[in-house]
Structures are given as structure tokens and as C-alpha cells.
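Following: one structure in C-alpha cells, then a few remarks.
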Amino acid sequence: MEQLCKHIADRDMKPGDRLPPERELAGHLGVSRASLSQALVALEVQGILAVRHGDGAVLVRRPVGDMAIRALREHADRLPEVIEAREALEVKLAELAANRRSDAEMAAIDHALSVMASEITDGNRGDSGDELFHHAITEAAHSPLLARLMGEIAGLIRETRIESLSQSNRPQTSLEHHRRIADAVRQQNSVEAGRAMAEHIRLVSDVALLRSADS
């Protein structure tokens, strides 16, 4: 990340400028593509870069000093707590959605699955469909207080979503997990819906940032 921020500063890059392709950039910086990819995701989470399918990484705003590095360390420290909060909230929301969902809310859940599947087919991560899915589950639960608590950590959840869906083969696996949750909600099986959501949250908690921190 330090080298990437220096690369942006040395070239006086402006918002809207595009970074070189990953292979070229990794060679220039003397790092592996895996390390570069992780750094790009970290900067995307902070809103410094936007990674667009077919368009590469585009600068959104210039990093200031070592703020990006400090933000990464702070994010790594709070990430386990965000995952714990997601599990506590979303498992219950899935259970409630199975008991309380209407036909229209089930249709919204299915629509979110279709959006995510289309995004993945087009070569994207599926993060818009992923966000739609979890929002639809929350709506179907009919719990205003839990929905408000989810709203409080929405920004932090977005960070973990980007990191999770940037892992190799993760979008398709995440979609399959979503389908299992949706099937349980459709069958109004609250126990299975909660179990499937818990398994899904454990999946999204496996991100490179935490693996790097543990090693």
C-alpha cells in the first residue's frame, strides 16, 4: 500500500486517472499480483480507488500522507468485531424473515439473487446483488430495531463485503450460500435459515486481511 500510494503521488495522479493493468503495476512495484490485489481492495474499501470490471482501478481521491496505512490498521483491528456483530444480527434476521416474510418480500429476495447472478455472469463481484439480498432479508424480518442496528454498521458491512467478494471464487460461493438461505426462508424454516446464514457469515469472515494479520 505504501508503494502504491507513492506511485499515485509520484505521478501526480488526479481523480479519474486510471492505474496501469495489475500485471504491469505489480512488475513495476516489484510485488506479487496477490499482494497488489489485496492493496487495491484495501484502498477501494477506503474510497480511494474504484475497481471497475473491464476498466481497471480508477483513482477516486488522492491518499493523504500515511492516512491510508493508519486506516488499514484500524480496519484490521475492528474487522473481527464487525463480523461478530453481523453474525449476532443477521442470523436472527434470517430466522425472523422465514417466519414473517410475505410473498412480495420473497419476490424481492429472489430478485436480489437474480441481480447477483447476472453481475457474476458479467464478470463482476456481485456486490450490488449481495447488498440487495441482505437488505431484502432485513425487510422481510419486520424488526425495526434490528433493521436500525444493521443501518448503524452498514458502512462497515460494505467494507467486509468488498473484501470478501474480492477473494478467489468467492462470488459464486456466496451466491450459492444466498440461495440456501432463500430456500429456507421460502419454506419458512427458521432453524435452517438461521443455520444457513451463520454458515454464510463464517464464509465472509475469511478474508485475506485477517489471514495476513494472523500470520
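The values are calculated or read from the model by the stated rules, or taken from the named source; none is laboratory data. Predicted model, so just to flag it, every value in this text is computed and none were measured. We place every Cβ from the backbone using ideal geometry, glycine too, and count neighbours over all the protein chains shown. Just the protein is used for accessible areas: all its heavy atoms, side chains included, with ligands, DNA and RNA removed. Shrake-Rupley method; radii C 1.70, N 1.55, O 1.52, S 1.80 Å.
Numbers at a glance
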| read-out | value |
| --- | --- |
| Any chance E95 is more than 22 Å from L165 (Cβ to Cβ), open to solvent by 50 Å² or more (accessible area, probe 1.4 Å) and assigned to a helix (DSSP H, G or I) | yes |
| Output for segment 35-59, where each listed residue is without any contact (Cβ under 8 Å) to a residue 60 or more places away in the chain, within 21 Å of I120 (Cβ to Cβ) and not in a strand (DSSP E or B) | L40, D55 |
| Residue list for segment 127-141, filter: in contact with a Leu (Cβ under 8 Å, 6 or more places away or on another chain) and either among the acidic types (D, E) or surrounded by fewer than 16 Cβ atoms within 10 Å (Cβ to Cβ) (or both) | D127, D130 |
| Matching residues in segment 61-82 - criterion: being more than 30 Å from I201 (Cα to Cα), at pLDDT below 75 and surrounded by 14 or more Cβ atoms within 10 Å (Cβ to Cβ) | none |
| Out of R101, R148, R170, sole residue that is at negative phi and surrounded by fewer than 16 Cβ atoms within 10 Å (Cβ to Cβ) | R148 |
| Of all residues making up segment 28-49, the number that are over 23 Å from the mean Cα position of the chain (by Cα) and open to solvent by 60 Å² or more (accessible area, probe 1.4 Å) | 2 |
| In segment 1-27, the residues that are in a helix (DSSP H, G or I), under 15 Å from P63 (Cα atoms) and open to solvent by 70 Å² or more (accessible area, probe 1.4 Å) | E2, Q3, K6, D10 |
